[in-house]
Amino acid sequence: MQQEASVRGEGRGKETMEFRQSSALRQLWETNLEVFQRDKMALFGLCIFAVFAIVAVFAPQIAPNDPLTPLKNNEGDWIKDAMPYWLAEPGEDEEEGYTNNFLLGTTNIGRDIYSQLIHGSRSALLVGFSAAAAVAVIGTVVGLLAGYYGGLVDAILMRAADVAFGIPFIPFIIVVSAFLDPSIWNVVVAMAALLWRDTGRVIRSQVLVIKEQAFVSAARVSGASDLRIIFVYIAPSILPLTFLYGSFAIAWAILTEASVSFLGFSDPETISWGFMLQDAFNSLALSREAFYWIVPPGLCIMLTVMAGFFIGRGYEEVLFPRLRRM
Amino acid sequence: MNRGVAYYILGRFLQSVMVLWIIVTLLFLLFRLAPSNPLASYIDTTFTKQQEAALLARFGLDKPLGEQYIIYLVNLLKLDLGDTFSYSGKTVLDILGADLPNTIYLTLTSLLLAYAVGVLGGIVMAAMRGSAFERIGTTFTLMTRAAPQFWVGMLLLTFFAFQWKLLPSSGIGPPMVRYRWETEWDKLMSPVFWRHMILPTFTLALYLHGLPLLLMRSNMLEVLDQDYVTMSRLAGYSEWRVMIQTAARNAMLPVLTALTLGIGYSIGGNVVIEHVFSWPGLGRTLVRAVQQADYPLAQGAFFLIAVIIVFMNFIADILYSLLDPRVGASAQAQVS
């Protein structure tokens, strides 16, 4: 799944971005603004994240029940496999001794699916954004150092990227999360350890172009140190690229976390959309055609991943004007 | 082929060997991270201390780490991946050898399907740019890339296997039929096998088609801007002839590289689909091995997948440099 970024990266690396300097931070702000003004889909992506972020923050208030505790009827038995109230036969709930107010029904051990869905947004966003932030920081620093210093530094960092490209992604995450304690943070670290490779390569190739520009030589002549040149003069021009790859990284991280949870390598105490689907899959929800259980978590994953794609494409269009007319 | 290219290929090859060696070393260290000693699930509580020690000695686990590493490297070079814990009497190589063909059939069929649809789709999208059809098509493609593969697989299973009972839900065939397959050829000639492959292939291809489609579309739009395309338009060729013969041929190059890379990455990424459809391939074996703490098997599967990925990355690099002279020149400069 990481191949899109790599292939894109290699193609785009040769295309030169429009470099505009002047006040670097203001420029960055304007680029960000331009992305969301120009591209309605990018704005839509941002709205999707905003909605899910609100849901995630207020999850305990929004969710009607605890996502992990099985619900019980009057006789103290689990309310297993209740249909959503808009699908269930009227009166069935009273016979079984409970009131059916479940928007999406219950699982095979009586957990409220809707509450799980609400709580699932927490791990998705947490994993997505923290992994993307780590990927963006590592990739940017590696790209800056490799591109600016060249020589041995470049050779070592780029061979490290080759190694990261050679390690099978999902198998690596599975093995790491199985060997360490099951926690979403191990998944985040494992993803960050590999996914910086695309960002690093692309930013390196852009730095190679920028460091030949007049303003960099001017800074050098005026006695600025290497680190100052890298982080004060060069970094602001490539930061939009960092945002581009960061947005795609959010998407990949959410998808990967879902896959790993689906395969059963996540913390069973943390509800995530991938975990819900694993639960449904293992308890044969498929053969019971329990669409109310299978469809919602997948839709949520798809929406958040698409939000990342939309924002990433918005940056692409602004950064690589040749793509604009598409 | 001139000498520069030969040197470039040799250089890249040596680099790939280095990369593989580093990965193998990381793999060795990674598996030393395992929660308890690698034999934990193997050693029975009734074992005496002597029996335990004998077992550790048999697997070389009583030796210092450095020595273990050397033994490990030598064994890998001899392609001796050890014995599994969970399947008695079988070596890791036996199991992976049986899995690998299944993974390859699934991956290659899906990739071919996905790239055929993707390339054609990309040409159509480029030709119809700006239309409502193009917007809907591109959005659909983005959706297939955003939807988790296992979820798409689950939905297809629910409809085609459970609700309409049209297709089998898992595996590569019932035991009665599998029993009769003595060779891989028998398997490939069996309609039952192909019927089992329909759903996983379709799920995988649906996911994979997005990359070639989007890549082909943007390459086409780029190529259509070039002078030679304008020239063939001016020469009075029909629009479709310009599209297919002139533009598409040139836009294909990056897609071919993506296909080569895709073979490696799909084999590593098939884990989830193989799990959903209980497809007996490398990915499913890896997941099971990790779950059952069968470390030699997990390590072997991981190693094999890594070898395939590094090798395909190497091939893609070479292809790219041979097909695109600009890359060749800069690549040669890099090596020298």
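Laboratory data are not the source of any read-out in this text; all were calculated from the coordinates shown. Not measured: the values here are computed from a predicted model. A quick note on method: Cβ atoms are made from the backbone with ideal geometry, for glycine too, and the neighbour counts reach across all protein chains shown.
Structural remarks
- About the Cα centre, charge dipole magnitude for segment A:71-110 (Lys/Arg +1, Asp/Glu -1 at Cβ), debye: 260 debye
- On Cα atoms only, tilt of B:3-32 relative to the major axis of chain B in degrees: 40 degrees
- In this simple spin-label approximation, B:A6 and A:L180 carry label points 7 Å from Cα along the Cα→Cβ vector, and these lie 4.8 nm apart.
- Relative packing of peptides A:253-264, B:96-107 - highest average C-beta neighbours within 10 Å first: A:253-264, B:96-107
- Top of B:L297, B:L113, B:L56 by mean-square fluctuation, Gaussian network on chain B, Cα under 10 Å: B:L56
- Backbone N atoms of segment A:108-152 closer than 20 Å to the 7 Å Cα→Cβ label point of A:N73 belong to residues A:108-114.
- Positive-end residue, chain A charge dipole about Cα centroid, Cβ charges, pick of A:L152, A:P240, A:A214: A:A214
- Electrostatic dipole magnitude of the protein assembly as shown [Cβ: Lys, Arg +1; Asp, Glu -1; Cα centre; debye, to 20]: 2300 debye
- Inter-site label distance for A:F291 and A:V137 at 7 Å from Cα along Cβ, in nm: 4.5 nm
- Rounded to the nearest 20 debye, the dipole magnitude of chain A is 2180 debye, with +1 charges on Lys and Arg beta carbons, -1 on Asp and Glu beta carbons, and the Cα centre as origin.
- Selection from B:A235, B:I22, B:T183, by position along the positive dipole direction of chain B (Cβ): B:A235
- GNM result for chain A, Cα springs below 10 Å: residue of A:V163, A:V209, A:V142 fluctuating most strongly: A:V163
- Were the residues from A:E95 through A:F215 laid out at 0.36 nm apart, the gain over their Cα-Cα distance would be 35.3 nm.
- Between B:V74 and A:Y85, the modelled label-to-label distance comes to 7.2 nm, taking each label 7 Å out from Cα in the direction of the beta carbon.
- Segment A:220-286-segment A:136-190 distance, computed between alpha-carbon centres (Å): 12 Å
- In chain A, the longest principal axis of the Cα atoms and the axis of helix A:273-282 are about 50 degrees apart.
- B:M176, B:M231 arranged by Cβ crowding within 10 Å, fewest neighbours leading: B:M176, B:M231
- Residues whose placed amide H lies under 5 Å from that of A:I79, excluding near-sequence neighbours: A:L71, A:K72, A:N73
- Candidate aspartates and glutamates for bridging to B:K90, where Cα separation is under 19 Å - those fewer than 8 sequence places away on the same chain excluded: B:D80, B:D99, B:E182, B:D294
- Positive-end extreme of charge dipole, chain B - chosen from B:T144, B:L10, B:A132 (charges on Cβ): B:A132
- Each stretch of four or more DSSP H residues adds -39500 (n - 2.57); spread over every residue of the protein assembly as shown, this sum gives -23000 deg cm²/dmol at 222 nm.
- Sequence of B:S131, B:S218 once ranked by neighbouring C-beta atoms within 10 Å, starting from the fewest: B:S131, B:S218
- Computed lengthening from B:L120 to B:Y228, 0.36 nm per intervening residue step minus Cα-Cα distance: 36.7 nm
- Prolate/oblate/rounded call for segment A:71-110, Cα gyration tensor, a/c under 1.5 rounded: oblate
- Whole-number percent relative contact order across chain A, with pairs defined as alpha carbons under 8 Å at least 6 apart: 26 percent
- Only Cα pairs under 8 Å and 6+ residues apart enter the sum, and on that basis the relative contact order of segment A:71-110 stands at 54 percent.
- Comparing B:L73, B:L319, B:L65 in a Gaussian network model of chain B where C-alpha atoms under 10 Å apart are linked, the largest mean-square fluctuation is found at B:L65.
- Reachable lysines from B:K49, criterion Cα separation under 20 angstrom, eight or more residues apart if same chain: B:K63
- Förster radius 35 Å - calculated FRET efficiency between A:Q37 and A:L208 (Cβ-Cβ, nearest 0.05): 0.70
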